[in-house]
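This report refers to the structure that appears directly beneath it.
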Amino acid sequence: MTNLDTTQGTMEVSDEVAIQIIGMHKWYGDFHVLKDIDITVYRGERIVICGPSGSGKSTLIRCINRLEEHQQGQIIVDDIELTGDLKGIDAIRREVGMVFQHFNLFPHLTILENLTLAPIWVRKTPKAEAEETAMHYLERVKIPEQADKFPGQLSGGQQQRVAIARSLCMNPRIMLFDEPTSALDPEMISEVLDVMVGLAETGMTMLCVTHEMGFARKVANRVIFMDGGEIIEQNEPEEFFNNPKSERTQLFLSQILSH
Amino acid sequence: MADISFVRTESHPDLPPPSSEVGIIAWLRQNLFSSWMNSLLTVAAIYALYKILPPLFSWAFFNADWSGKTYQDCTSEGACWAMIRVRFGQFMYGFYPEAERWRVNLGFLLFFGTMIPLLIEGVPGKKYFAIFVFILFPPIAFLLFYGGLGLEAVDTAQWGGLMLTMVLASVTIIVSLPLGIVFALGRRSNMPVVRMICVCFIELWRGVPLITVLFMGSVMLPLFLPPGTHFDKILRTLIVMAFFAAAYMAEVVRGGLQAIPKGQFEAAQAMGMNYWKLMGLIVLPQALKIVIPGIVNTFIGLFKDTTLVLVIGLFDFLSIIQAATTHKNWLGTSTEGYVFAACVFWIFCFGMSRYSITLERRLDTGHRN
């Protein structure tokens, strides 16, 4: 964390709104998972969302690309409002990349095919061009030599880096990360975080559910703390970690930072 | 206290394994004589083979009659294979006119000639073979087998023997798989009407014995059709058998669909894939791979079930053999007939089973950790 200032200094946040969530509620049956969520994300922001398990943080980012449906309020991504309209949903999904806790690579396809499948079939990119882009991103996540292997032959950290590259191949404007390092062995976490830091440096708009507080301090420009389906506190990382305002935040931070 | 600090500086060399781990003796010990129970079973099995095999070989080969005109010509103790030889043409083609049998041969030659390269790994131009087999071949086969365009018409009543069995089996197999996939997808659909229709279809066909279905198709169905409509018996049989098989196939495929983790759906959706791309590119390739054993199991069952068409008066391979053995010239040869039928069925079914194992291995990308 020595280069904290320099890393954040190079990343600019614009005035353009990337995601706007207004008065959003979500229920699973009777259970009220998300309560009155209001967030405005500007282009180029790196937001870390943290909170105890069951607080609704994963559900929140999964609402942004409509893997979960919200029942009340508005979510506007890239000026398109998420409604039941399938065309709008597909349009948003093409612009929003997502990285999952369990990687979710396609096990029946090689790494290269994993990366080129969506560009070829969804974006209609010519195969040669899609492969060139795929190799470019594989080099960026530092595993071009694994292109012809199958996901089952890679380590967890490598699989997650492939998953990040796979999302980037769709050339998204926003990236969502749903606990990208929590299924990894400890020695593999840093290789994935390094890729994410590199991605933040390119100015990508990122929303990241994670408990990696080192990562939050290093790249986030905003940390959101959720508990019980509500946003309890949000602030700049320095303030958030050094001066948590709410008791629940203080308790949470003391629990995860104590060891 | 002694010093507990230890650092290894050289690694231990690999030594050759002891003789108890490799070689013939080790194999015998591990596989046949690993315990006293296993040894006992081995000895018992060897004794049983000693008792069964010599008489079997003497019946089937050493004391068998290979030629003759009637059962009376079979004078030795063993099998009367002369019956098979004399009736072989009928077993293969039924009552198909002898002068036209080249058409059947050509049809199956084309079918296997394009099907085999399609099934073998690494043969180039698979797309063209597939287009031929699944799109061009059916009308060609119809022309060849049934007649038309200058070829003399051969009524389906004359079809029979192995040819009929092969027609029934291959058509039902090729039709039932895609149909079954459609019904399996429909049964898991979010649209209640589609789901209901698929559930009703599957449960209706699966809940009725095949013999009943065949009777319905051949006897009952014409009663409901407007008078004067001619609807070929074999065609009706093909339709009901394909539906019957599709219902089973649908349930096999559904098992595979349910085995695909939710994350696969989500990953594909998150990249903007619509339902058909998600299913066609991500879910079905994985689901079908998982259920290859179940699919081939259904195929094998179906292949053998074609013998049930004898109840509606079609002379498939098995029933034409039965008919031959009850002919006055060949009374007493039913054992030979059934053994021959069993061997032919076994070759086809074993072939399918082996191919399915090869396919499973070829498609294994090692994701089952």
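The values are calculated or read from the model by the stated rules, or taken from the named source; none is laboratory data. Just so we're clear, the structure is a prediction, and the values are computed from it rather than from any experiment. Using ideal geometry, Cβ is built from the backbone for each residue, glycine included, and neighbour counts are taken over all protein chains shown. Only protein heavy atoms, including side chains, enter the accessible area calculation; ligands, DNA and RNA are left aside. Shrake-Rupley method; radii C 1.70, N 1.55, O 1.52, S 1.80 Å.
Tabulated values for the structure
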| item | result |
| --- | --- |
| Failed item in (1) within 24 Å of B:R87 (Cα to Cα); (2) more than 23 Å from the chain's Cα centre (by Cα); (3) part of a helix (DSSP H, G or I), with B:M163 passing the rest | (2) |
| Hits in segment B:270-280 - residues which are open to solvent by 30 Å² or more (accessible area, probe 1.4 Å) and either within 27 Å of the chain's Cα centre (by Cα) or more than 9 Å from chain A (Cβ to nearest Cβ) (or both) | B:Y275, B:W276, B:G280 |
| Unique residue being in contact (Cβ under 8 Å) with a residue 40 or more places away in the chain, more than 14 Å from chain B (Cβ to nearest Cβ) and not β-branched (V, I, T) when the list is A:R140, A:R123 | A:R140 |
| Unique residue being modelled with pLDDT under 85 and farther than 30 Å from B:R362 by Cβ when the list is B:F231, B:F243, B:F340 | B:F231 |
| Residues (closer than 20 Å to A:Q101 by Cα and aliphatic (A, V, I, L, M)) located in segment A:210-259 | A:M213, A:A216, A:V219, A:A220, A:V223, A:I224, A:M226, A:I256 |
| Spans of strands (runs of 3 or more DSSP E) in segment A:167-236 with at least 3 residues more than 26 Å from A:I92 (Cβ to Cβ) | A:230-235 |
| Those residues of segment A:143-156 which are more than 10 Å from every other protein chain (Cβ to nearest Cβ) and in contact (Cβ under 8 Å) with a residue 40 or more places away in the chain, in sequence order | A:L154, A:G156 |
| Search result, residues across segment B:255-269 that are more than 7 Å from chain A (Cβ to nearest Cβ) and touching a Leu at 6+ places or on another chain (Cβ under 7 Å) | B:G256, B:F265, B:A268 |
| Flag if B:L310 is within 14 Å of chain A (Cβ to nearest Cβ) and open to solvent by 60 Å² or more (accessible area, probe 1.4 Å) | no |
| Qualifying residue in segment A:73-81 (condition: at the interface with another protein chain (Cβ under 9 Å from one of its Cβ atoms) and over 18 Å from the mean Cα position of the chain (by Cα)) | no |
| Residue match in segment A:103-112 (condition: farther than 16 Å from A:D148 by Cβ, within 9 Å of chain B (Cβ to nearest Cβ) and at pLDDT 90 or above) | yes |
| Whichever residue in segment B:96-111 is of a type outside the set (D, E, K, R) and exposed (fewer than 13 other Cβ atoms within 10 Å of the Cβ) and, among such residues, is farthest from the chain's Cα centre (by Cα) | B:A99 |
| Flag if B:E251 is away from chain A (no Cβ under 14 Å), within 30 Å of B:Q72 (Cβ to Cβ) and either of a type in the set (A, V, I, L, M, F, W, C) or open to solvent by less than 40 Å² (accessible area, probe 1.4 Å) (or both) | no |
| Cβ-Cβ under 6 Å pairs, at least 6 apart or on other chains, segment B:24-50 side surrounded by 10 or more Cβ atoms within 10 Å (Cβ to Cβ), far side assigned to a helix (DSSP H, G or I) | B:L32/B:T42; B:F33/B:S39 |
| Matching option when the condition is assigned by TED's automatic domain parsing to the domain that holds B:I282, of a type in the set (S, T, Y) and not in a helix (DSSP H, G or I), among B:S176, B:S189 | B:S189 |
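To keep it simple, each residue is scored yes or no on (1) farther than 25 Å from A:F241 by Cβ; (2) open to solvent by 30 Å² or more (accessible area, probe 1.4 Å).
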{"site": "A:I143", "(1), (2)": "yes, no"}
{"site": "A:L154", "(1), (2)": "yes, no"}
{"site": "A:Q158", "(1), (2)": "yes, yes"}
{"site": "A:L176", "(1), (2)": "no, no"}
{"site": "A:M196", "(1), (2)": "no, no"}
